[in-house]
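First the structure, in the form of structure tokens, and then the observations on it.
The values are calculated or read from the model by the stated rules, or taken from the named source; none is laboratory data. Note that the structure is a prediction, hence the values are computed from the model and not measured. Backbone-built Cβ (ideal geometry, glycine too); neighbour counts: all protein chains shown.
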């Protein structure tokens, strides 16, 4: 047995695509035993990703990204025998996580009340777009829908642009992280609990500054591009060869920037004499600064700014970010030997170390139903019963 924080806990993962699988992947990294229950057709994410051949083999990169370390069992949950298998699985578990539309698991006879009958205590977590009740609870919700309805898109972009979505599934991911936090906390209370995770509310929670400025100061959030709404100069600037982010948010950082860039004539300018003044005149201030930044490369400026205590950094592509020595040196990316769909897969882990150690998956990614027989034997089914269920399409 491992000695990770969630070692000894078994979690039944009845989720698809991203929010739920991302949640259970994080819980698995923390040491929980994750049994992934899939339909006979499998998680849709098995068919999603940049490699069409892998998608056809139902091991798409979108699936590989967050399903390492889980055991896959494929069950027809609409059949009576499939429900009986699920019941027996739950009786061995500490938690169940699902991300169906509200009411689906109850209609199948597999919801929280039933799970509590079969295993008490049980932590039951339902992830949905809008929550388990309310006027919108029954509506389908995808990441893009939540980004639009949460206001995220409305504050992303610049004043001249239409609203933009964030460039990755931020709502799904935040919903999954929220669920993982809630489940981890509830497991240690050792009592049955129903956790209702709303992706919409999860995203709004992370927008605390923007939301609070509206609620308490009636400040309507605006699209301000790459600028920092709280300070100036703080944003993205052009250099000789590209872009640099600068965050001179403190007065001493502003003064250091003036000194390093030799912009002494700006120090006494009334337009820039305070944080609020600089915010009000940020457009002209940015132009004044970029006149100087255009004389050196991004990396030259980063080196100078870092030496003088001015927060800055280059604007990188995703491949460049993954190759940063800082990222590589902390073993954030894990390479695992594999059989399918390739001899090796590269996975990201999570954003923290425990006692200096990186949490890594204990095993690779199962093919659809790869662990079905192993799991069924472990909960008391005979070889004859397993074969009979395979022949009748109850399991795969």
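For segment 112-128, a residue qualifies if it is touching a residue at least 40 places away in the same chain (Cβ under 8 Å) and either in contact with a helix residue (DSSP H, G or I) (Cβ under 6 Å, 6 or more places away or on another chain) or not in a loop (DSSP other than H, G, I, E, B) (or both), and the qualifying residues are 112, 116, 122, 123, 124, 125, 126, 127, 128.
Of all residues in segment 273-299, those being more than 13 Å from residue 263 (Cα to Cα) and either free of Cβ contacts under 8 Å to residues at least 24 places away in the same chain or not in a helix (DSSP H, G or I) (or both) number 13. Cβ-Cβ distances below 6 Å connect no pair with a first residue in segment 41-56 that is not assigned by TED's automatic domain parsing to the domain that holds residue 21, a second residue that is modelled with pLDDT of 95 or more and surrounded by fewer than 18 Cβ atoms within 10 Å (Cβ to Cβ), and a separation of six or more residues or different chains.
Within segment 9-26, the only residue that satisfies the criterion of being farther than 21 Å from residue 74 by Cβ and in contact with a strand residue (DSSP E or B) (Cβ under 8 Å, 6 or more places away or on another chain) is 9. The C-beta contact set for segment 173-194 (first residue closer than 14 Å to residue 19 by Cα, second residue surrounded by fewer than 18 Cβ atoms within 10 Å (Cβ to Cβ) and modelled with pLDDT of 95 or more, distance under 7 angstrom, 6+ apart or interchain) comprises 174/206.
Only residues that are surrounded by 15 or more Cβ atoms within 10 Å (Cβ to Cβ) and within 20 Å of residue 234 (Cβ to Cβ): list them for segment 290-299, please.
Taking segment 290-299 and keeping what is surrounded by 15 or more Cβ atoms within 10 Å (Cβ to Cβ), we get 292-293, 296-298.
Residues satisfying the conditions are 292, 293, 296, 298.
Within segment 228-235, is there a residue that is outside any loop (DSSP other than H, G, I, E, B) and surrounded by 14 or more Cβ atoms within 10 Å (Cβ to Cβ)?
Looking through segment 228-235, at least one residue is outside any loop (DSSP other than H, G, I, E, B) and surrounded by 14 or more Cβ atoms within 10 Å (Cβ to Cβ).
Kindly check whether there is at least one residue in segment 138-147 that is more than 15 Å from the chain's Cα centre (by Cα), over 30 Å from residue 219 (Cα atoms) and assigned to a strand (DSSP E or B). Looking for residues that are more than 15 Å from the chain's Cα centre (by Cα), over 30 Å from residue 219 (Cα atoms) and assigned to a strand (DSSP E or B), one finds none in segment 138-147, hence no. Across segment 338-387, the qualifying residues are those that are more than 23 Å from residue 22 (Cβ to Cβ) and in contact with a helix residue (DSSP H, G or I) (Cβ under 6 Å, 6 or more places away or on another chain), and the one among them that is surrounded by the fewest Cβ atoms within 10 Å (Cβ to Cβ) is 379. Within the set of pairs 6 or more residues apart or between chains, which connect a residue that is in a helix (DSSP H, G or I) inside segment 210-227 to a residue that is at pLDDT below 95 and surrounded by fewer than 11 Cβ atoms within 10 Å (Cβ to Cβ) with Cβ atoms less than 6 Å apart? Here the result reads none, with nothing in segment 210-227 linked to a residue that is at pLDDT below 95 and surrounded by fewer than 11 Cβ atoms within 10 Å (Cβ to Cβ). Only one of the numbered conditions (1) at positive phi; (2) touching a strand residue (DSSP E or B) at 6+ places or on another chain (Cβ under 8 Å) is violated by residue 85, and that is (1).
Restricting the search to segment 75-111, which residues are within 25 Å of the chain's Cα centre (by Cα) and not in a loop (DSSP other than H, G, I, E, B)? Those that are within 25 Å of the chain's Cα centre (by Cα) and not in a loop (DSSP other than H, G, I, E, B): 95, 96, 97, 98, 104, 105. Residue by residue through segment 163-203, note down the ones that are closer than 18 Å to residue 115 by Cα, touching a helix residue (DSSP H, G or I) at 6+ places or on another chain (Cβ under 7 Å) and either part of a loop (DSSP other than H, G, I, E, B) or outside the structural domain of residue 112 (by TED's automatic domain parsing) (or both). Across segment 163-203, the qualifying residue is only 192.
Filtering segment 236-265 to residues that are touching a helix residue (DSSP H, G or I) at 6+ places or on another chain (Cβ under 6 Å) and part of a helix (DSSP H, G or I) leaves 258, 260.
Would you point out which residue out of 129, 148 is surrounded by 16 or more Cβ atoms within 10 Å (Cβ to Cβ) and farther than 13 Å from residue 195 by Cα? Don't jump to the end; show me each part of the working.
Numbers: 148 fails: surrounded by 16 or more Cβ atoms within 10 Å (Cβ to Cβ).
The conditions single out 129.
What number of residues within segment 350-374 are more than 16 Å from residue 58 (Cα to Cα), part of a loop (DSSP other than H, G, I, E, B) and in contact with a strand residue (DSSP E or B) (Cβ under 6 Å, 6 or more places away or on another chain)?
Within segment 350-374, the subset more than 16 Å from residue 58 (Cα to Cα) is 350-363, 372-374.
Still in the list and also part of a loop (DSSP other than H, G, I, E, B): 350-352, 355-356, 359-363.
From what's left, in contact with a strand residue (DSSP E or B) (Cβ under 6 Å, 6 or more places away or on another chain): 360.
Residues in segment 350-374 being more than 16 Å from residue 58 (Cα to Cα), part of a loop (DSSP other than H, G, I, E, B) and in contact with a strand residue (DSSP E or B) (Cβ under 6 Å, 6 or more places away or on another chain): 1 in total.
When 100, 22, 9 are checked against the criterion of being closer than 19 Å to residue 364 by Cβ and at pLDDT 95 or above, a single residue qualifies: 22. Being under 24 Å from residue 140 (Cα atoms) and in the same structural domain as residue 369 (by TED's automatic domain parsing) is a property that residue 86 lacks.
For first residues located in segment 137-161 and farther than 20 Å from residue 213 by Cβ and in the same structural domain as residue 20 (by TED's automatic domain parsing), partners that are surrounded by fewer than 16 Cβ atoms within 10 Å (Cβ to Cβ) and modelled with pLDDT under 95 and lie 6+ apart or on another chain with Cβ distances below 9 Å form the pairs 145/139; 160/225; 161/225.
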